[in-house]
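None of the figures in this text is laboratory data; all of them are computed from the coordinates on show. Since this is a predicted model, take the numbers as computed values, not measurements. Heads up, the Cβs are rebuilt from the backbone with ideal geometry, glycines too, and the neighbour counts pull from every protein chain shown.
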Amino acid sequence: MSYYDALETRDPAQREAQLMSQLPHLLEHAKLHASAFADILADVLPREVTSREALARLPVTRKHELLERQQAQRELDPFGGFSAIGWAGLRAPRGARRVFQSPGSIYEPEGQAPDYWRAARALYAAGFRAGELVHNSFSYHLTPAGAIMESGAHAVGCTVFAGGVGNTELQLQAMAELKPHGYVGTPSFLRILLERADQQDLLLPSLRKALLSGEAVPLSLRQWLQQRGVQAYQCYATADVGLIAYETEAREGLVLDEGVVVEIVRPGTGDPVPEGEVGEVVVTVLNPDYPLVRFGTGDLSAVLPGTCPTGRTNARIKGWMGRADQTAKVRGMFVHPGQVADVLRRHADVGRARLVVSGEMASDQLTLHAEVAGSPEGLVERLAQSVRDVTKLRADIQLCAPGSLPNDGKVIEDLRRYD
């Protein structure tokens with residue numbers, strides 16, 4: 001068995017002791033260099049936070065709170081005081097390499113450290129090795145997904161083709177001519193590429209592995225890929241904290257990354273749940289550049305008993321099991337309730353609306369149900385354009401009579417199945 005480094009096979013007690021010993025330093029650094037945590041942790045003595053029990057007493061910062069602080073401080077600090085790095089004019093003393101924008105809009109910094117988001121570990125577990133060519137179909141603009149995987153591939157020693165999103169025919173041509181050893185990107189786009197290859201009787205014999213993220217990977221899709229000679233692995237990462245967990249050849253859950261402290265808490269609280277119980281994934285990332293402490297991802301998962309059969313000794317989670325709030329991940333992009341409100345603000349003649357996500361995973365369908373009196377000319381087209389402008393996603397529009405939508409406060413409804 002081959003491992004990325006010795007950290008993966010540490011004695012669990014040693015790992016826990018080393019992680020907990022880093023917490024006081026991280027909290028002290030966060031209070032000194034990230035003004036948001038100076039406020040959030042104002043009454044916390046970092047030297048006393050040396051256990052999970054002590055960590056669990058700290059407040060959880062959720063994505064909507066991060067967004068609210070960023071919006072409130074746009075003129076002074078677009079990171080809302082959460083980042084310890086920036087550029088000239090910000091309070092952060094050290095420079096960021098790049099800055100990204102996720103839907104919301106939420107801004108994330110990239111620091112100077114190699115493999116800043118720690119994706120190399122997931123790529124290595126998926127079978128990628130030095131000297132291989134990786135076809136990267138994650139986005140290279142606005143959001144950091146492309147950079148996350150590229151920096152990890154470089155850390156492994158791979159060469160990267162920067163495919164990005166879209167341009168299916170050009171990407172397929174590049175695959176046929178460059179003969180990459182593996183693919184990284186969303187599972188839905190890989191399926192589109194391979195279906196198009198089938199239609200064109202185009203053989204891609206070099207493509208033998210894939211690291212997938214951004215969407216769930218149902219068993220049916222994994223089997224479909226395997227029938228075409230592609231061994232698919234998945235990893236769980238976010239733009240805020242980087243890699244959280246990754247799949248191994250054992251196919252038994254996702255092993256936690258070595259650079260994070262992960263808790264599973266009861267949704268809406270900061271209280272850890274017992275092992276095996278489904279709850280929200282809360283992450284403390286040991287990154288001095290962007291020292292997020294108890295960051296609530298809004299994702300649901302649960303801890304699996306025991307350790308990975310591959311010999312990796314870190315804890316495992318079941319993987320992504322849905323959202324703890326109404327935020328949904330569609331075609332690799334988060335869609336927030338606030339974005340639905342942004343769409344409605346552009347159309348005074350529309351009352352309530354509900355964004356419905358349906359279809360099978362890797363084949364998402366997005367429909368905006370909008371209450372409106374009558375059928376104003378051109379409204380369907382205008383709403384469709386607004387949804388695309390705000391969310392960067394295409395949606396069907398269904399107009400409905402005023403008062404016809406359920407009065408339950410739900411603005412995003414996810415009807416997809418995850419089994």
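Below is a table of values for the structure above.
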| quantity | calculated |
| --- | --- |
| Amide proton proximity set for Ala237, modelled H, under 5 Å, gap of 5+ | Gly214, Ile244 |
| Lys pairs under 25 Å by Cα in the chain, provided they are eight or more residues apart or on distinct chains | 12 |
| Centroid-to-centroid separation of segment 340-358 and segment 167-182 [C-alpha atoms, Å] | 38 Å |
| Label-point separation in nm, Ser2 to Glu252, each point 7 Å along Cα→Cβ | 2.3 nm |
| DSSP beta bridges in segment 183-243 [antiparallel fraction, %, rounded to 5] | 20 percent |
| Per-residue ³J(HN,Hα) for segment 190-203, Karplus 6.51 cos²θ - 1.76 cosθ + 1.60, θ = phi - 60°, Hz, x for Gly and Pro | 4, 5, 4, 4, 6, 5, 5, 4, 4, 4, 9, 6, 9, 8 |
| Shape call, the chain: gyration tensor on alpha carbons, a/c limit 1.5 | oblate |
| Chain lengthening between Leu170 and Gln101 when straightened (0.36 nm per residue, less Cα-Cα) | 22.2 nm |
| Distant-in-sequence amide H partners of Arg62 (H built 1.01 Å from N, under 5 Å) | Gly296 |
| Inter-part distance where segment 66-138 and segment 378-401 are each reduced to a Cα centre, Å | 30 Å |
| DSSP bridge pairs, segment 333-414: antiparallel proportion in percent, nearest 5 | 45 percent |
| Contour excess over end-to-end distance, with Cα ends at Ser220 and Asp342 and 0.36 nm allotted per residue | 40.3 nm |
